[in-house]
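Enquirer: Handing you a structure now.
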Amino acid sequence: MSEFRLERLGEQIREEISRMIMLRQIKDPRVSTFLSINRVEVAGDLGYAKVYVSSFMDDKQTEKGVKGLGSAAGFIQTTLSKKLSLRQFPKLNFVMDKSIKEGFEMVKKLEELEKMEKAIGEARTEE
């Protein structure tokens, strides 16, 4: 399958899983509506898809949510295979993605450094 089609399929899977989470179709209590699906990487042979999950909740709760999604993977695959007409639907593997949270923390640190630099500059001008 071409790279473009794999990306498009990954985006469709991401949208559908996100919709299922928001509509609370996944009944596992560990799956919170605060979970977000960042991206889905589909293998070239459609054998599996890696689903990256993140949240602004603490890491323990996010990890529980990822495990809940992993437990519901069969239900999610069955539901999606009915919506997306594919001969072979990939096996879903849910992975915790910390990149958004780390990026947010990096921006906060940069803002703090900027404030400190500004305060030091003002202190020097007062001398």
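The values are calculated or read from the model by the stated rules, or taken from the named source; none is laboratory data. Values in this document were obtained by computation on a predicted structure and should not be read as measured data. All Cβ positions, glycine included, derive from the backbone under ideal geometry; neighbour counts span all protein chains shown.
Enquirer: Identify, please: which residue in region 22-42 is assigned to a loop (DSSP other than H, G, I, E, B) and of a type in the set (Ser, Thr, Tyr) and is, among those, surrounded by the fewest Cβ atoms within 10 Å (Cβ to Cβ)?
Expert: The initial filter retains those residues of region 22-42 that are assigned to a loop (DSSP other than H, G, I, E, B), namely 23-35.
Applying the additional criterion that residues be of a type in the set (Ser, Thr, Tyr) yields 32-33.
Numbers: Ser32: 16, Thr33: 11.
That would be Thr33.
Enquirer: Do any helices (runs of 4 or more DSSP H) entirely within region 43-127 hold 1 or more residues that are in contact (Cβ under 8 Å) with a residue 24 or more places away in the chain, more than 18 Å from Met20 (Cβ to Cβ) and touching a strand residue (DSSP E or B) at 6+ places or on another chain (Cβ under 8 Å), and if so, which? Please lay out each step first, then the result.
Expert: Values: elements: 59-71, 73-83, 99-126.
Helices (runs of 4 or more DSSP H) meeting the threshold: 59-71, 99-126.
Enquirer: If you don't mind, there's one more thing I want to ask. Consider Lys67 carefully, then state whether it is more than 23 Å from Glu3 (Cβ to Cβ) and loosely packed, with under 14 Cβ neighbours inside 10 Å. Show your work before the answer.
Expert: Working: more than 23 Å from Glu3 (Cβ to Cβ): yes; loosely packed, with under 14 Cβ neighbours inside 10 Å: no.
No: the conditions fail for Lys67.
Enquirer: Go through region 81-105 and give me each residue that's surrounded by 10 or more Cβ atoms within 10 Å (Cβ to Cβ) and either over 21 Å from Phe34 (Cα atoms) or β-branched (Val, Ile, Thr) (or both).
Expert: The answer is Ser81, Lys83, Leu84, Leu86, Phe89, Pro90, Lys91, Val95, Ile100.
Enquirer: Turning to a different aspect of this structure: Looking at region 110-122, can you tell me whether even one residue there is closer than 27 Å to Ser2 by Cα and among the charged types (D, E, K, R)?
Expert: If we filter region 110-122 for residues that are closer than 27 Å to Ser2 by Cα, which is where we start, we get none.
Taking every residue of region 110-122 in turn, none turns out to be closer than 27 Å to Ser2 by Cα and among the charged types (D, E, K, R).
Enquirer: Looking at (1) assigned by TED's automatic domain parsing to the domain that holds Gly44; (2) at pLDDT 90 or above, which is the only condition Lys108 fails?
Expert: (1)
Enquirer: Which residues, taken from region 43-64, are of a type outside the set (Lys, Arg), surrounded by fewer than 21 Cβ atoms within 10 Å (Cβ to Cβ) and closer than 22 Å to Phe4 by Cα?
Expert: Ala43, Gly44, Asp45, Leu46, Gly47, Tyr48, Tyr52
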